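Enquirer: A single structure is presented below for examination.
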């Protein structure tokens, strides 16, 4: 994986977290809090999985097992 790709994925993860908060905030005004959480959950979960993947790649790169080019 290249550094540029890693940076773009990190920016995407940050954007997904922001989008999930926006979805949660806007939908709370129209539907209940529980429904708003259900609507924001997929983006939050996707951001969490992406952050976990980036963390594992960073650790593997630090250990020298998978290089960032």
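The values are calculated or read from the model by the stated rules, or taken from the named source; none is laboratory data. Predicted model only: the values in this text are computed from it and were never measured. Quick reminder, even Gly has a Cβ in these numbers, built from the backbone with ideal geometry, and neighbours come from all protein chains shown.
Enquirer: When you look at residue 49, is it under 17 Å from the mean Cα position of the chain (by Cα), more than 30 Å from residue 68 (Cα to Cα) and either at pLDDT 90 or above or outside any helix (DSSP H, G or I) (or both), yes or no?
Expert: For residue 49, the condition - under 17 Å from the mean Cα position of the chain (by Cα), more than 30 Å from residue 68 (Cα to Cα) and either at pLDDT 90 or above or outside any helix (DSSP H, G or I) (or both) - is not met.
Enquirer: Among the residues of segment 52-69 satisfying the criterion of being more than 21 Å from residue 15 (Cβ to Cβ) and outside any loop (DSSP other than H, G, I, E, B), which is nearest to the chain's Cα centre (by Cα)?
Expert: Residue satisfying both the conditions and the ranking: 59.
Enquirer: Taking segment 39-69 as the region of interest, how many residues are within 22 Å of residue 26 (Cβ to Cβ) and exposed (fewer than 13 other Cβ atoms within 10 Å of the Cβ)?
Expert: Here the count works out to 2.
Enquirer: Turning to a different aspect of this structure: Any residue at all in segment 9-17 that's in a helix (DSSP H, G or I) and over 24 Å from residue 68 (Cα atoms)?
Expert: Checked against the condition, which is being in a helix (DSSP H, G or I) and over 24 Å from residue 68 (Cα atoms), segment 9-17 yields at least one hit.
Enquirer: Still on this structure: How many residues are under 27 Å from residue 7 (Cα atoms) and either part of a loop (DSSP other than H, G, I, E, B) or modelled with pLDDT of 95 or more (or both) when one looks only at segment 26-40?
Expert: Residues that pass the stated criteria total 0.
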